[in-house]
1. When Rg and Dmax of the Cα atoms in Å is calculated directly from the model, which label among (i) 19.3, 69; (ii) 21.0, 81; (iii) 21.7, 72 fits?
2. Sorting L119, L248, L87, L242 on the 10 Å Cβ count, fewest up front, what's the list?
3. Under a cut-off of 18 Å between alpha-carbon atoms, report the aspartates and glutamates in cross-link reach of K157, not counting same-chain residues fewer than 8 places apart.
4. With label points built 7 Å along Cα→Cβ from the Cα atoms of I342 and H106, find their separation and express it in nm.
5. Say the cut-off is 24 Å between C-alpha atoms; which of K291/K335; K153/K175; K267/K313; K50/K153; K89/K222; K136/K343 go over it?
6. If one computes the Cα centroid of the range 44-66 and of the range 120-137, what distance in Å separates the two points?
7. Report, for the chain, the % of DSSP beta bridges that are antiparallel, rounded to 5.
8. Mind running the shape call on the range 44-134? Use the C-alpha gyration tensor, a ≥ b ≥ c as the square roots of the eigenvalues: rounded below 1.5 for a/c, prolate if a/b tops b/c, oblate otherwise.
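Taken together, the values in this text are just the output of simple stated rules run on the coordinates, not laboratory data. None of the values given here were measured: they were computed from a predicted structure. Neighbour counts run over all protein chains shown; Cβ positions are idealised from the backbone, glycine included.
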Amino acid sequence: MKNIKRLIKYIGIFIIIILAITLFRPTWTSNIKGDNSISVLEQVKINGTKQQIMIRGRDQNNPVIIYVHGGPGCSEIPYAAKYQNLLEKDFTVVNYDQRGSGKSYHFNEDYSNLTADLLVDDLLELTDYISERFGKEKVILIGHSYGTYVATKAAYKAPEKYEAYIGIGQLSNMKESEIDNLNYTISEAKKAGNTEDVKYLEGITEKIYNGEAITPRDYVGKYGGATRLIDMPDGDILGMLLSSEYNLLDLIRYNYGLAKTQEQLVKDTFDKQLTKIVTKLDLPFYFVMGKYDGMTSSNAAKKYFDMIEADKKEFIPFEQSAHYPQFEEKEKFNKWMCDTFIK
């Protein structure tokens, strides 16, 4: 009996040690070779709060991209390097965890008044910081999914800061987009013969048509509306823990941030429709949309694209992808970026 108790004690101590190591292990981003390369993961104070940024590129003289992640609250830092490795050869890519998201979530901060407009202000100040750091007059702005809501408003508010705006999985009229997403998911469920799923989805139709709900993302993912050529990168707990950029404490921050801020920020997108706020952009802009996107409707995005006034704009469909065309067809996306921006 004593030996069993001793064994249990040792196992308990071992588990505590492993948890402590996992919680607080140092985080970093992998090194990029080159005399003028950069690969840093660090916190900077932006607009009154510490925000985590990751900067990666083979040559710091290359054009700079600021990448605004989606969600809300879904940091892309833990897996960004895996998918943007091609971009890093010709661009310096800045990823950051938005206020209240991932490594930028702080337990002692109050996020009850967090709004998209505050995230826009953060982005504009981050842009100034990055532009000064790299000696750039303008940078390229990319938004993905919910990040397009923030980035589009930033491009509208301060077009002089950006060479161009690229919306990937672009938000548009949220109600119209969600109706499209629901119809797509029901159609795919019917093709698969999953009558229970069809019944459930048809049961929430009224709420979605009234703008009271979104199409459940687990169902969207199940029927290929999230990713088709890669595994779903967001919310991959094991993948985050195995990345060098996140430890267990960061994962806890990530989930706290989602719980505390996501609902209020999503409500913002319904209450303050982007299609009514931004109808003109004084800079070149591009929408990059996956054909099978069931999270931000490509059809709704195209209608929004058509109504925006701009001197230069282009709608680029990715025929094999869903919501992550920049990752699912990264070779095609990298070639388009280089053809468009590398002089």
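1. (ii)
2. L242, L248, L87, L119
3. D117, D121, D122, E125, D128, E137, D268, D282, E309, D311
4. According to this spin-label approximation, the distance is 3.9 nm.
5. Where the Cα-Cα span goes over 24 Å, the pairs concerned are K267/K313; K89/K222.
6. Cα centres, the range 44-66 to the range 120-137: 8 Å.
7. About 35 percent, rounded to the nearest 5.
8. prolate
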